1. Select, from Thr91, Thr72, the only residue that is assigned to a strand (DSSP E or B) and either in contact with a Lys or Arg (Cβ under 6 Å, 6 or more places away or on another chain) or at pLDDT 95 or above (or both).
2. When you go through Pro186, Pro221, Pro257, Pro261 one by one, which is the residue that is in contact with a helix residue (DSSP H, G or I) (Cβ under 7 Å, 6 or more places away or on another chain), within 15 Å of the ligand (Cβ to nearest atom) and either in a loop (DSSP other than H, G, I, E, B) or basic (Lys, Arg) (or both)?
3. Answer with yes or no whether Leu4 is at pLDDT 95 or above and more than 17 Å from the chain's Cα centre (by Cα).
4. Identify all residues within segment 224-254 that are surrounded by fewer than 18 Cβ atoms within 10 Å (Cβ to Cβ), part of a loop (DSSP other than H, G, I, E, B) and within 14 Å of the ligand (Cβ to nearest atom); write none if there are none.
5. Which count do you get for residues in segment 6-40 that are among the small types (Gly, Ala, Ser) and surrounded by fewer than 13 Cβ atoms within 10 Å (Cβ to Cβ)?
6. Could you tell me which numbered condition Leu179 fails, if it satisfies all but one of (1) over 26 Å from Met77 (Cα atoms); (2) touching a residue at least 40 places away in the same chain (Cβ under 8 Å); (3) within 16 Å of the ligand (Cβ to nearest atom)?
7. Checking the structure you have, find out if any residue of segment 128-138 is surrounded by fewer than 13 Cβ atoms within 10 Å (Cβ to Cβ), within 20 Å of Thr72 (Cα to Cα) and modelled with pLDDT of 95 or more.
Amino acid sequence: MPELAEVAFYAKAWHPAQGQTILRVHTGPKPRFFRHTPAAAFAPALTGRSFLDTRTHGKKLLFAFQNNLWLTGHLGMTGELLLAPPDHLPTAHDHLVLYTAHHALIFRDSRMFGAVLLDESPGPPPAWQALPPEILSPQFTAAHAAAALQRHPRSPLKAFLLDQTYFPGIGNWMADEVLFQLRLHPATLAASVNPSALRQALRTICQKSLQTIAVNWSDPPKNWLMTHRWKAGGLCPRCHTPLLRDTLRGRTACWCPTCQPQSPP
Ligand SMILES: [Zn+2]
């Protein structure tokens with residue numbers, strides 16, 4: 001599932017078409033993808049407008065078009081943004097394709113957990129402006145992290161880190177990476193976590209993944225859990241203990257039982 005850095009990687013896909021006018025629009029037949037804005041609304045709204053820019057906020061995407069038109073979206077579990085030549089023929093999973101004279105801008109999603117939403121407003125849509133502080137923003141202070149932890153003191157940290165209200169962009173592997181770097185077991189209660197250490201780990205992991213994955217899908221540092229967790233028989237990069245995996249609330253958690261022992265009850 002795309003997390004902060006993967007979303008930032010996909011967000012660049014349409015950049016070569018910046019300033020180009022949308023000449024025609026293809027929408028696929030699946031209503032589920034158009035659950036927020038009906039498919040029929042896209043062609044009349046977008047045709048004839050220039051594509052201006054893409055922004056991200058955590059896992060969310062915002063596309064700006066000429067004359068105050070905005071497309072908000074997210075990639076769900078399997079969504080991707082692609083750029084193709086203008087003679088591109090839509091596949092079954094291409095739910096939205098915007099054609100310019102030089103490109104086809106494609107939103108592809110095989111499982112349709114992704115979605116898009118059209119808005120017209122003088123600035124970014126109100127819902128976008130109301131999003132919580134991003135982890136790398138100046139507003140994401142240690143006090144902000146402390147307040148979040150205090151609101152959910154009994155939450156296991158792994159589950160809590162997946163809450164986009166507090167940690168926009170953090171998904172399964174990034175949450176496991178935070179726990180690994182803080183040497184905390186996934187079941188550690190939020191109340192016992194040091195907010196400054198949590199903020200610092202989150203910031204480091206966001207920055208490094210934006211410098212690697214988001215640029216060209218290259219690997220983050222070798223001493224991260226991330227580069228070992230997918231391998232069968234993966235070993236902890238610090239102490240070489242075999243990594244443990246378990247399903248917590250439907251998500252696979254991965255951790256090192258030596259570096260991240262469960263604290264006594
Ligand atoms: Zn270890």
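The values are calculated or read from the model by the stated rules, or taken from the named source; none is laboratory data. For clarity, every value in this text was computed on a predicted model and none was experimentally measured. All Cβ positions, glycine included, derive from the backbone under ideal geometry; neighbour counts span all protein chains shown.
1. Details: Thr91 fails: assigned to a strand (DSSP E or B).
Only one candidate passes the filter, namely Thr72.
2. On the way: Pro221 fails: within 15 Å of the ligand (Cβ to nearest atom); Pro257 fails: in contact with a helix residue (DSSP H, G or I) (Cβ under 7 Å, 6 or more places away or on another chain); Pro261 fails: in contact with a helix residue (DSSP H, G or I) (Cβ under 7 Å, 6 or more places away or on another chain).
Of the residues listed, the single one that is in contact with a helix residue (DSSP H, G or I) (Cβ under 7 Å, 6 or more places away or on another chain), within 15 Å of the ligand (Cβ to nearest atom) and either in a loop (DSSP other than H, G, I, E, B) or basic (Lys, Arg) (or both) is Pro186.
3. Details: at pLDDT 95 or above: yes; more than 17 Å from the chain's Cα centre (by Cα): no.
It is false that Leu4 is at pLDDT 95 or above and more than 17 Å from the chain's Cα centre (by Cα).
4. Gly234, Arg238, Cys239, His240, Thr241
5. Residues flagged as among the small types (Gly, Ala, Ser) and surrounded by fewer than 13 Cβ atoms within 10 Å (Cβ to Cβ) within segment 6-40 amount to 2.
6. Failing condition for Leu179: (1).
7. So in segment 128-138, the residues surrounded by fewer than 13 Cβ atoms within 10 Å (Cβ to Cβ) come out as 129-130, 137-138.
Still in the list and also within 20 Å of Thr72 (Cα to Cα): 129-130.
Those left that are additionally modelled with pLDDT of 95 or more: 129-130.
Yes, there is a match, as at least one residue in segment 128-138 is surrounded by fewer than 13 Cβ atoms within 10 Å (Cβ to Cβ), within 20 Å of Thr72 (Cα to Cα) and modelled with pLDDT of 95 or more.
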